[in-house]
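Beneath this line is the structure, given in structure tokens, with notes to follow.
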Amino acid sequence: MVQRRTDPKSEVSRSKSRWWLILSTAVLLLLTFLMFADVLFSSSRILSHGYCDLRYQFLPWRDFGFRELRHGHLALWNPHVYGGEPFLGNFQSALFYPFNWVYLVLPLGLATNWYIAAHVFLGGFFTWLWTWRRGLHPVACLMAAAVLMFCGPSFWHIFAGHVTNLGAMIWFPLVLLSIDELFASAGWGWCLIGMFALVMQIFAGNPQYVYYTVLAAGIYSGFQLFGAKRKAAVLAGWACILVGGAMLAAVQLLPGWEASRDSVRSSGLSYADAAMVSFPPENLLTLVAPTFFGDNAHAAYWGRSYIWEASLFVGVAGLILVIYGVVRGGRPMRRIYLPTVLLLVVLSLGDHTPLFRLLYYGLPGFGNFRGTAKFAYFAAVFMAMLAGTGMEQLIRRPGGERRMAAIILAVAVLLGIGSAVLHWEARGDGPAIWWAGIVRSVVSTNETYVRPETVEQAVLVWQRLAAVSLAVSAGTLLALGALLAMARRFRWTPYAIAALAVAEVFAFAANSRDTFDMATFETPGLRDFFDAHPGDYRILNFLRPNEAMVLRAYDLWGAYDPMMPLRYAEFVGHSQGQTKADPYVQFRDVHHRFLDMLRLRYVFFQTHGEQKVERRTDAFPHVLVVQDYRVVRGRDAIFAAMEKPDFDARKTVLLEEPPEVEPDGAAAPGTAEVVDASADCLTIKASLKTAGVLLITDAWNKGW
């Protein structure tokens, strides 16, 4: 069992604890401000890359959800995309997450920047608290916190615009803190802290991180349970955290569970889909060379998976301190933390190890998610603790590691030689043959997202960038080795090493950061188009699928959403020749008559760099009264009936059960019109002399 240290040499007196907390918080705030100062007081530039999830998915969701909330309406339904779908029940709407309430008072772009900056700070602050309660020196705690704030597994998600990932992941250190306190008999009050952290994770909007948090924390607790004296109490505390957290978050969990039962994820993912976005084994190189496979700033990422899911960089100085923490940190570091890190790294490798298949088929819920590379973040949290432990050892007994300094300098020389070879081979007009072969072999796996024509153009740039990455790491190791060599003579060297480790990850994060112009958020001219073409119809926007939420228009599709209704996905997919529900529909026939039933009137697309619009003329009205019906059961039978040339949905509807009141098929159809519409309600005025079937051309989802 891991216990807090009580050695007076490693503890700071209680009288100084408050001042250390204030000072450390100020330092973490300063680091956060220095990283994001240029975007915290302006809405013109938004953090993240302009062609990633924030711009195309999360900003439209936040705009719609909190625009409705500002008007006093908690949106249960989103009518703007996918023909309508559950909104509150979609975890990623994150309406209950307190940090999202900033969207109620700040402009969209500025609120997003503050949200991201706040979560970077909180990730560091919670790590500081966790390491502080472990008894580490405050400087070691600060260094560990900064490493986690700016390391690859966490900071790259800002580039990708994964605001729900950022919102969920930062609470993991607080969960670990509550678990440690349970083992240390610090009182049941820490169960409340654990519950709070779990609730915040659920509200943040990424259930995959919640699931992985339970797994990672369970692994950590399992290693601690060996030799623990209070097993029953700890397990009871764990149960309280899980059950209590779920109960407190029931307002989100229950609607989310209900919506997910009828979503495209309701039956789980296929093995191939679940295995996607596994951590590539060759990307373990990112431990020492973070931009070896590209950095998306100077050259596109050419490795497998995505760059934000395939980096383990905690700094080369941080990595050395991790190793030092394992070697010098005592038996718990080797018995608990090291096995936890190694197992989490193995889990991140996903389908590259046999363990993935066992978990996919044997562990309930595991096959509902893709992207096991996310386990790299959880490994990074424990690596930050180990790095802090290594720094603690240097502070407590400086000057005795000349052998270690010699080893580090030797590794630096090897990395320098590798960099020199890459530079030398790239001195001409073309890349080295062997380097080009490596790049092509990776790209040929079809697990990369670079175009084949890009490879020939960029392979030389990638070679030079890899050389620079190795050179920077070699230089960092040289500086680290030199400082360790001086440690016997100068007692300030451990603090210089801590500063070096922080500076390294800070520089990496600054180089990984990107922004886009808020002025490009909307498609030029589209708002004016809707003003000039009013009406109750739907569009199909291939330019920016979720833009309908911002423009208050109605799209029959949208950006990728795993919570979209299953039946609707099957309907649209069938119209395009697909045999199963798929969030990634390839629209081949925008003139299919099924799309008429969805009120499709305009299609927006781009050809040769020019934006174009195509008008369709056979769109159904929003509501109509139909006098004739047929009962047809089963998806395939229904589609077969609808595909018949003589089927006219304006005159006959297909029902899975007969109506309670029999309509008069011989009577003249009545009329119906929508007189008012909001996110959750339709007010319909109907006029008919006999019973008829009211057909509403919106998506349907049970319970919504």
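Tabulated values for the structure
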quantity: Segments classed as strands (runs of 3 or more DSSP E), wholly inside region 647-704, with at least 2 members that are crowded, with 16+ Cβ neighbours inside 10 Å; calculated: 652-655, 693-696
quantity: Residue match in region 110-126 (condition: touching an Asp or Glu at 6+ places or on another chain (Cβ under 9 Å), on the phi < 0 side of the Ramachandran plot and in contact (Cβ under 8 Å) with a residue 40 or more places away in the chain); calculated: no
quantity: Whichever residue in region 498-556 is within 22 Å of the chain's Cα centre (by Cα) and among the basic types (Lys, Arg) and, among such residues, is farthest from Tyr568 (Cα to Cα); calculated: Arg513
quantity: Matching residues, region 396-408, being modelled with pLDDT under 90, open to solvent by less than 50 Å² (accessible area, probe 1.4 Å) and in a helix (DSSP H, G or I); calculated: Met404, Ala405
quantity: Helices (runs of 4 or more DSSP H) fully within region 145-238 counting 2 or more residues that are touching a residue at least 24 places away in the same chain (Cβ under 8 Å) and more than 24 Å from the chain's Cα centre (by Cα); calculated: 172-183, 189-204, 207-225
quantity: Tally, over region 25-45, of residues that are closer than 13 Å to Ala118 by Cα and open to solvent by less than 40 Å² (accessible area, probe 1.4 Å); calculated: 9
quantity: Long-range neighbours under 7 Å by Cβ, at least six apart or interchain, first residue in contact (Cβ under 8 Å) with a residue 12 or more places away in the chain within region 463-477, second hydroxyl-bearing (Ser, Thr, Tyr); calculated: Leu465/Thr291; Ala467/Ser419; Ser469/Thr291; Leu470/Ser419; Ala471/Ser419; Ala474/Ser419
quantity: Count of residues meeting criterion [more than 15 Å from Val502 (Cβ to Cβ) and more than 23 Å from the chain's Cα centre (by Cα)] in region 24-42; calculated: 5
quantity: Count of residues meeting criterion [part of a helix (DSSP H, G or I) and either in contact with a Pro (Cβ under 8 Å, 6 or more places away or on another chain) or surrounded by fewer than 24 Cβ atoms within 10 Å (Cβ to Cβ) (or both)] in region 82-99; calculated: 4
quantity: Residue that is modelled with pLDDT under 90 and either in contact with a Leu (Cβ under 9 Å, 6 or more places away or on another chain) or open to solvent by 40 Å² or more (accessible area, probe 1.4 Å) (or both), where the choices are Gly268, Gly294, Gly245, Gly227; calculated: Gly227
quantity: Which listed residue is touching a helix residue (DSSP H, G or I) at 6+ places or on another chain (Cβ under 6 Å) and either β-branched (Val, Ile, Thr) or at pLDDT 90 or above (or both), from His574, His533; calculated: His574
quantity: Exclusive hit being of a type outside the set (A, V, I, L, M) and open to solvent by 40 Å² or more (accessible area, probe 1.4 Å), set Tyr301, Tyr306; calculated: Tyr306
quantity: Scope region 560-584; condition in a loop (DSSP other than H, G, I, E, B), on the phi < 0 side of the Ramachandran plot and surrounded by fewer than 20 Cβ atoms within 10 Å (Cβ to Cβ); matching residues; calculated: Tyr560, Pro562, Gln576, Gln578, Thr579, Lys580, Asp582, Pro583, Tyr584
quantity: Residue in region 511-518 that is modelled with pLDDT of 90 or more and in a loop (DSSP other than H, G, I, E, B) present; calculated: yes
quantity: Residues within region 411-448 that are open to solvent by 30 Å² or more (accessible area, probe 1.4 Å) and closer than 16 Å to Glu282 by Cβ, tallied; calculated: 9
quantity: Test: Pro452 is modelled with pLDDT under 90 and within 28 Å of Gly303 (Cα to Cα); calculated: yes
quantity: Test: Val461 is touching a His at 6+ places or on another chain (Cβ under 9 Å), aliphatic (A, V, I, L, M) and open to solvent by 30 Å² or more (accessible area, probe 1.4 Å); calculated: yes
quantity: 3 or more residues open to solvent by 30 Å² or more (accessible area, probe 1.4 Å) and touching a residue at least 24 places away in the same chain (Cβ under 8 Å): qualifying strands (runs of 3 or more DSSP E) within region 591-632; calculated: 600-607, 610-615, 628-631
quantity: Region 310-328: number of residues that are within 24 Å of Leu347 (Cβ to Cβ), open to solvent by less than 10 Å² (accessible area, probe 1.4 Å) and not β-branched (Val, Ile, Thr); calculated: 8
quantity: Scan of region 412-461 for residues that are of a type in the set (Val, Ile, Thr) and part of a loop (DSSP other than H, G, I, E, B), ordered by number; calculated: Thr445, Thr448, Val450
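Results for (1) over 15 Å from Gln252 (Cα atoms); (2) in contact (Cβ under 8 Å) with a residue 40 or more places away in the chain; (3) over 23 Å from the mean Cα position of the chain (by Cα), shown as yes or no for each residue.
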| position | (1), (2), (3) |
| --- | --- |
| Gly50 | yes, yes, no |
| Phe64 | yes, yes, no |
| Leu74 | no, no, yes |
| Leu88 | no, yes, no |
| Ser93 | no, yes, no |
| Tyr103 | yes, yes, no |
| Pro107 | yes, yes, no |
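A quick yes/no check of all residues on (1) modelled with pLDDT of 95 or more; (2) among the small types (Gly, Ala, Ser):
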| position | (1), (2) |
| --- | --- |
| Thr112 | yes, no |
| Tyr115 | yes, no |
| Arg133 | no, no |
| Val147 | yes, no |
| Ile170 | yes, no |
| Gly187 | no, yes |
| Ala204 | yes, yes |
| Leu215 | yes, no |
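Residues are listed down the side, and each one gets a yes or a no for (1) under 24 Å from Asp53 (Cα atoms); (2) open to solvent by less than 40 Å² (accessible area, probe 1.4 Å):
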residue	(1), (2)
Ser473	no, yes
Arg491	no, no
Ala496	no, yes
Ala499	no, no
Phe516	yes, yes
Asp528	no, no
Ala532	no, no
Leu551	yes, yes
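Yes/no per residue for (1) within 26 Å of Leu500 (Cα to Cα); (2) open to solvent by 10 Å² or more (accessible area, probe 1.4 Å); (3) among the charged types (D, E, K, R); (4) out of contact with any strand residue (DSSP E or B) (no Cβ under 6 Å at 6 or more places or on another chain):
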residue: Leu129; (1), (2), (3), (4): yes, yes, no, yes
residue: His137; (1), (2), (3), (4): yes, yes, no, yes
residue: Ala146; (1), (2), (3), (4): yes, no, no, yes
residue: Val210; (1), (2), (3), (4): no, yes, no, yes
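The values are calculated or read from the model by the stated rules, or taken from the named source; none is laboratory data. What you see is a predicted model, and the numbers here were worked out from it, not measured in a lab. Note that we place each Cβ from the backbone using ideal geometry, even for glycine, and neighbour counts take in every protein chain shown. Accessible surface areas use protein heavy atoms only, side chains included; no ligands, DNA or RNA. Shrake-Rupley method; radii C 1.70, N 1.55, O 1.52, S 1.80 Å.
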